[in-house]
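Data block below; observations after.
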Amino acid sequence: MTGPTEQFSVLSDLRGAWETRGHGPRLRAVRKAAEGLRERFASGPRAVSVRALPITTLAYPTKYAFWSAAYSPVPYVVMSHRALLVQFLQRGELKTLLFNPTDHIASRATPFFARMIEMVGEYVAFNLMAKTFEPLEAQLAALGLDAKSIDYVAFDHFHTQDLRTLLGTTDGEHEPRFPRARLLAKVAEWDDWDDLHPMQRAWFVADGKRNVRTENLLLIDDDLELGDGVMLLATPGHTSGNQTLFVNTPDGVWGCSENGTCADNWSPLESKIKGLAALCRRQDMDLILNANTPELGAQQYTSMLLERTLVDRVKRAPGFCQMFPSSEVTPSPLAPGLSPTIVHRGLSYGKVVETPATVAPRKPSEAGVGRESYGAAS
């Protein structure tokens, strides 16, 4: 189906590298291509504003967070899940993106977490292990925005997501949460959701896209430059359609994904968490995966190397890179000895531009599921 022409630029810098045969040659090709893309992106324009918006904390198995590398009997770490609000210019016009606006209530239907809640009990799950924050709508209002201010929505991947409350449903049970926003979704993972492999089922809400309205859905199969200082790049491995958001800021380039769970995953040789550096030295590696799904581990490793190559170093701790995990392991008395060496906690750059309370809706003629319809290529 054909959707509206969005004013994105298709990026071909990494395409040939990802098509390289063999995991070793592909890793080297991706790193080389990423170095060239980084030079151009980092020297280019910056995003207008960036804000991290907290959604919830959650418990997550330690063995997954650190690929079973951490020397600790503690079964769970505590993670902070956040959305990113990013404003940028798209051919001179201000656009607003919301990255990872998870419905944390609906996500409890994720099979893995539903079973965990049943095992530990609701009191432990929702009072000791979890903390919720103001709804995103309230946080947006505090910044001078409302639900109609959002032009685009994207997720780094669809684990735990229920899109019915986001896109609305054809049966009228749900209305769109952000009525003007286009959802940018990778074709591969969108299609996977229709017939999940056993290694995927534990982390997807099975009915999470059932009866969803598709007029604001744009299916993509390319790397995209959304506008000045903002890229959405394929980083497959954690899921088939995993993607990472990159933003150029006054502190340099930041990336956001869940390929890792804290700064230590991208710099394990600098980590103070016992076991991470030792595993890497034994196995001649320098990355630790967020490994709850073993779909494509070698691809995920290459994707993390791509991320580390594109972003800048943390100024206060140059051994670490500016990868902001969408769900970040944070210090907790429930997880002694598993505090990250450094914690990012939040991002805040630029002044959020307030948008008018009333924004013209999309024309009915623009409805449809868009596939590969992005505007000019670069």
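The values are calculated or read from the model by the stated rules, or taken from the named source; none is laboratory data. Predicted, not measured: the structure shown is a model, and the values here were computed from it. Glycine gets a Cβ as well: all are built from the backbone with ideal geometry, and neighbour counts include every protein chain shown.
Annotation note: of ASP192, ASP156, the sole residue that is of a type in the set (Asp, Glu) and either in contact with a helix residue (DSSP H, G or I) (Cβ under 7 Å, 6 or more places away or on another chain) or at positive phi (or both) is ASP192. Is there a residue being on the phi < 0 side of the Ramachandran plot, touching a Leu at 6+ places or on another chain (Cβ under 8 Å) and surrounded by 13 or more Cβ atoms within 10 Å (Cβ to Cβ) anywhere in the range 19-30? Checked the range 19-30: at least one residue is on the phi < 0 side of the Ramachandran plot, touching a Leu at 6+ places or on another chain (Cβ under 8 Å) and surrounded by 13 or more Cβ atoms within 10 Å (Cβ to Cβ).
Residue check: TRP67 meets all listed conditions (1) under 26 Å from PRO340 (Cβ atoms); (2) in a strand (DSSP E or B); (3) among the hydrophobic types (A, V, I, L, M, F, W, C) but one, namely (2).
Annotation note: of ARG180, ARG210, the sole residue that is part of a loop (DSSP other than H, G, I, E, B) and touching a Pro at 6+ places or on another chain (Cβ under 7 Å) is ARG180. Of all the criteria given as (1) touching a helix residue (DSSP H, G or I) at 6+ places or on another chain (Cβ under 9 Å); (2) within 24 Å of SER271 (Cβ to Cβ); (3) in contact (Cβ under 8 Å) with a residue 60 or more places away in the chain, the one not satisfied by TYR64 is (1). For the range 235-268, the tally of residues that are within 9 Å of the chain's Cα centre (by Cα) and either β-branched (Val, Ile, Thr) or modelled with pLDDT under 95 (or both) stands at 1.
The sole residue among ARG108, ARG38, ARG15, ARG28 that is free of Cβ contacts under 8 Å to residues at least 40 places away in the same chain and within 27 Å of ALA298 (Cβ to Cβ) is ARG28.
For the range 213-236, the candidate set comprises residues that are in a strand (DSSP E or B) and of a type in the set (Gly, Ala, Ser); within that set, the residue that is nearest to HIS157 (Cα to Cα) is ALA234. I'd like the residue in the range 220-258 that is under 16 Å from VAL86 (Cα atoms) and charged (D, E, K, R) and, out of all such residues, is surrounded by the fewest Cβ atoms within 10 Å (Cβ to Cβ). Looking at the filtered set, the residue picked out is ASP251.
Report whether or not THR293 is farther than 23 Å from ARG91 by Cβ and modelled with pLDDT under 95. When the stated conditions are applied, THR293 passes them. Going by the structure shown, is HIS81 part of a loop (DSSP other than H, G, I, E, B) and of a type outside the set (A, V, I, L, M, F, W, C)? No; evaluated as a whole, the condition is false for this residue.
Within the range 31-64, being out of contact with any Leu (no Cβ under 9 Å at 6 or more places or on another chain), within 30 Å of MET116 (Cα to Cα) and either modelled with pLDDT under 95 or not in a helix (DSSP H, G or I) (or both) holds for PRO54, THR56, THR57, LEU58, TYR60, PRO61. Would it be correct to say that LEU289 is crowded, with 17+ Cβ neighbours inside 10 Å and over 22 Å from VAL77 (Cβ atoms)? For LEU289, the condition - crowded, with 17+ Cβ neighbours inside 10 Å and over 22 Å from VAL77 (Cβ atoms) - is not met.
Results for (1) farther than 20 Å from LEU53 by Cβ; (2) crowded, with 21+ Cβ neighbours inside 10 Å, shown as yes or no for each residue.
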site	(1), (2)
LEU136	no, yes
ASP146	no, no
VAL153	no, yes
PRO198	yes, no
LEU218	yes, yes
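Checking each residue in the range 62-89 for being surrounded by fewer than 20 Cβ atoms within 10 Å (Cβ to Cβ) and either under 19 Å from the mean Cα position of the chain (by Cα) or among the polar types (S, T, N, Q) (or both) picks out TYR64, SER68, SER72. Among the criteria (1) out of contact with any strand residue (DSSP E or B) (no Cβ under 7 Å at 6 or more places or on another chain); (2) in a loop (DSSP other than H, G, I, E, B); (3) surrounded by fewer than 23 Cβ atoms within 10 Å (Cβ to Cβ), the one GLN161 does not fulfil is (3). Annotation: MET199 fulfils all but one of (1) in contact with a Cys (Cβ under 8 Å, 6 or more places away or on another chain); (2) at pLDDT below 95; the unmet one is (1).
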